[in-house]
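Below is one structure, written out as structure tokens, with a few remarks after it.
Values quoted throughout were computed directly from the atomic coordinates according to the rules given, and no laboratory measurement underlies them. For clarity, every value in this text was computed on a predicted model and none was experimentally measured. Heads up, the Cβs are rebuilt from the backbone with ideal geometry, glycines too, and the neighbour counts pull from every protein chain shown.
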Number of protein chains: 2
Amino acid sequence: MTADERNVGFAVETMTNSEGTPASYAALYRHELLDSVLPFWLKYSKDEQHGGYFTCLGRDGKVYDTDKFMWLQGREVWCFSYMYNNVEKNETWLNMALHGARFMEKHGRDAEGNWYFSSTAEGKPLVQPYNIFSDCFAAMAFASLDKATPSDRYKEIAVTTFENIIRRQHNWKGIYNKAYPGTRTLKSFSLPMILCNLSLELEHIIGTERVNELAPIVIREVMDVFYKPEHGLILENVHPDGKFSNSFEGRLINPGHTIEAMWFIMDLGKRMNDQLLIRKACDIMLHTLDYGWDKKYGGILYFMDVLGMPPQQLEWDQKLWWVHAEALVALAKGYALTGDERCWKWFKKVHDYTWAHFRDEQYGEWFGYLNRQGEVLLNQKGGKWKGCFHIPRALYQVWKVLEGVDIGSKK
Amino acid sequence: MTADERNVGFAVETMTNSEGTPASYAALYRHELLDSVLPFWLKYSKDEQHGGYFTCLGRDGKVYDTDKFMWLQGREVWCFSYMYNNVEKNETWLNMALHGARFMEKHGRDAEGNWYFSSTAEGKPLVQPYNIFSDCFAAMAFASLDKATPSDRYKEIAVTTFENIIRRQHNWKGIYNKAYPGTRTLKSFSLPMILCNLSLELEHIIGTERVNELAPIVIREVMDVFYKPEHGLILENVHPDGKFSNSFEGRLINPGHTIEAMWFIMDLGKRMNDQLLIRKACDIMLHTLDYGWDKKYGGILYFMDVLGMPPQQLEWDQKLWWVHAEALVALAKGYALTGDERCWKWFKKVHDYTWAHFRDEQYGEWFGYLNRQGEVLLNQKGGKWKGCFHIPRALYQVWKVLEGVDIGSKK
């Protein structure tokens, strides 16, 4: 048992309060995952006619639009194969993952192997591969599926997509890049996080050595370059030398994105047995949560400006499902790994807000979009951005972390 | 006096109610334009150091970001030269227009004469010309300035930009177009409206004959192709043959855009002395207003889905300044041109909402963005989308229309 594991054990044992024990939360999240969320997607998202998944599902699961967004296809393949790999060898889940993977293999890529952004239900390409996230989730999908049912073909898709991302990393958008070259070059916080996460997902294919080479670079980039101690916050975009850009992009803070990144970093800290790194990631996460928490209505704001200027995003004050799901994971991990009671207090606070506002007791699954006041803004269960991903991943993570199981190394 | 003018006269004379006469509204709008809105931009938006205008102005007029968005540069040049041409020969206004035009001439275009989307304060290009609206407002700006102070150079800029727009019209986005060719070709409602409006603005340069050729084509396109009698609404995007596309883009309704277009059409109807066209445009406008009016909180919703599905735009329920400004113009014109009492009732209702919620009594000018409940969502006076354009244009139009002056032919 490592120091970290003892820390987890200690934390779990000493948690008692009237609102529920970690074990009771674990049971609750497990139940929500297995009895509400996964069944919802199994029941409603499968396109039996053309293959792949519908993700534009109404509150009751009814399909309201048939377009297929490739990154959401990849995320759902990833999700069902991940659950097969990590929860139980449920053939229904594996078949669901295979169902999406067949559609992706057949219709997902252009001649250069780039993944389209979207297609029609039949698989005819609609929107070009202007966005590297489609590739990212395709690589994750086939790597995860390859763990469930090893196949040279899946490995090959995962690894060629990964190499393509590495090749495109400094100009993701390629010909679709609208920035005039040289005037204001900024680098984005998304990139190191994507590469790190991807390499971990592909570790069984690309090898531990490559992951171990990449991890310290990513950690330095995130914790020393994008993180700004003077604000205690992570910026979304900085100059190539790490300097602050006083522009809309440069001032942008996305609290949910930071909080999500901090649990990735905590996982890396655990992997590297680096308690100081875990502590730092946990502190940044707590500070960002405090900063992003809406003091008036509760919930975590979507976008902010580090200088308090008006952000360009009109949806800045909305409360989004993924932000809250990621916060629950980060807080559970923060607590398990550090025993910091602030994490547990915050966990219960975010849990209460999230379950009261996002969860749909009537039809299952969770709403995606609330207004600032916490009312449902759009009641669909999926669309162009929300699919079968953040909620089930978070439910699984919180369940396993609060059960006290060591899952960091399984990622 | 034409039949239309008599109609205006009749309408104005018979309006009496406790909430104010058309003449009193006219005085109010005139005052707001001349004593609050134009002075605000004159005082705060001029960049004395680098030329051009700042448009990212805080509630109190303070510059919070120095980027320059070319379409907003064009709109402000247009606005001050338009006021000089139509209100009074105020040299301060002309100088303000010339100030922006010099910056645009010097820094606005790439080697092919396409207008950049944005630049730094100094004029270094930031975002490429991916958007035809920059060109549209540049052409309008130089055509309007040419009326104020005739110049072969201004004419040449206006006309070459116009021809460039005509050339690019079927593929505005050019290399930045992310749609996969052939799968789902849609045409946008914006295009005919832009071409019509532009040709009217350039009439003194390109000639009345060209405008008269274009007008019936545009009217047919808007009123017979994009307008769908089965819904009583105008769709933002349709198939090339005019058929409905059951997709996010195809289902999209933008009430403010329709309402704005309907006052353009009413102006065209007046120009062509076509009372039936005016009547139809007025009816569509009233129906759209009724459809888009938020029955719960008041104000006009930003985006809707014609089949009642969830729109993709997260900001769908927000109340925007330009939507309400355009509605005031459309209602004033509808009333003046048809005498329909519904227009006058609606005018007062939209006036009350707009002045109560958007107008900033403390610092002058108007807020741009309210949440659904009508509270200020972002308190800046300008940014990437809001500049010196919709509010002053609407104030001028309502003032002049309600004064009973024939301004349709002056456009």
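Here are the numbers:
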| item | result |
| --- | --- |
| Prolate/oblate/rounded call for the range A:45-178, Cα gyration tensor, a/c under 1.5 rounded | oblate |
| Stokes-Einstein D for the range A:237-360, Kirkwood Rh over Cα pairs, 37 °C, 0.692 mPa s (µm²/s) | 218 |
| Rounded, prolate or oblate (a/c below 1.5 giving rounded, otherwise prolate when a/b exceeds b/c) for the protein assembly as shown by Cα gyration tensor | prolate |
| Most positive-pole-ward Cα, A:I166, B:M193, A:P39, against dipole of the protein assembly as shown from beta carbon charges | A:I166 |
| Loop-located trypsin sites (Lys or Arg not before Pro) in the range A:231-318, at most 11 other Cβ atoms within 10 Å (DSSP) | A:K243, A:K295, A:K296 |
| Cβ neighbours within 10 Å from other chains - mean over B:184-192 | 1 |
| Assigned charges on the beta-carbon of Lys, Arg, Asp, Glu; chain A dipole about Cα centre (debye) | 480 |
| For A:N171, label point 7 Å along C-beta direction: distances to other copies, nm | 2.0 |
| Most to least packed among A:253-261, A:219-227 [average Cβ atoms within 10 Å] | A:253-261, A:219-227 |
| Separation between Cα centres of the range B:235-260 and the range A:341-411, rounded to whole Å | 35 |
| In sequence order, calculated HN-Hα J values of the range B:314-326 (Karplus, 6.51, -1.76, 1.60; Hz; x Gly/Pro) | 5, 8, 3, 9, 6, 10, 10, 3, 5, 4, 6, 5, 5 |
| Cβ-vector label at 7 Å, B:L191, separations to other copies in nm | 3.6 |
| Label point 7 Å beyond Cα along the C-beta direction, distances from B:G404 to other copies (nm, shortest first) | 8.8 |
| Cα gyration tensor category, rounded, prolate or oblate, for the range B:290-339 with a/c compared to 1.5 | prolate |
| Shielding of B:307-319 by partner chains, average beta-carbon count, 10 Å | 5 |
| For chain A: relative contact order, % (alpha-carbon pairs under 8 angstrom, 6 or more apart) | 20 |
| Electrostatic dipole magnitude of the range B:142-214 [Cβ: Lys, Arg +1; Asp, Glu -1; Cα centre; debye, to 20] | 560 |
| Around B:F303: net Lys/Arg minus Asp/Glu count, Cβ-Cβ under 11 Å | -3 |
| For the range B:153-163, Karplus couplings with θ = phi - 60° (6.51, -1.76, 1.60), whole Hz, Gly/Pro x | 5, 5, 4, 5, 5, 4, 6, 5, 5, 4, 5 |
| Total formal charge among the other residues, if their Cβ is under 15 angstrom from that of A:I217, Lys/Arg +1 and Asp/Glu -1 | -1 |
| For the range A:168-313: span of alpha carbons on each principal axis (Å, largest first) | 45, 40, 24 |
| Derived scalar couplings ³J(HN,Hα) [the range A:255-261; Karplus, 6.51 cos²θ - 1.76 cosθ + 1.60; whole Hz; x for Gly, Pro] | x, x, 5, 4, 4, 4, 4 |
| Ellipsoid semi-axes in whole angstrom, largest first, where each is sqrt(5λ) of the Cα gyration tensor of the range A:220-306 | 21, 18, 9 |
| log10 of Debye I(q)/I(0), alpha-carbon scatterers only, for chain A at 0.09, 0.13 Å⁻¹ | -0.52, -1.20 |
| Most to least packed among A:92-102, A:137-147 [average Cβ atoms within 10 Å] | A:137-147, A:92-102 |
| Partner chain coverage, peptide B:220-232 - average Cβ within 10 angstrom | 0 |
| Estimated dipole of the protein assembly as shown in Debye, rounded to 20 [Cβ of Lys and Arg +1, of Asp and Glu -1, Cα centre] | 340 |
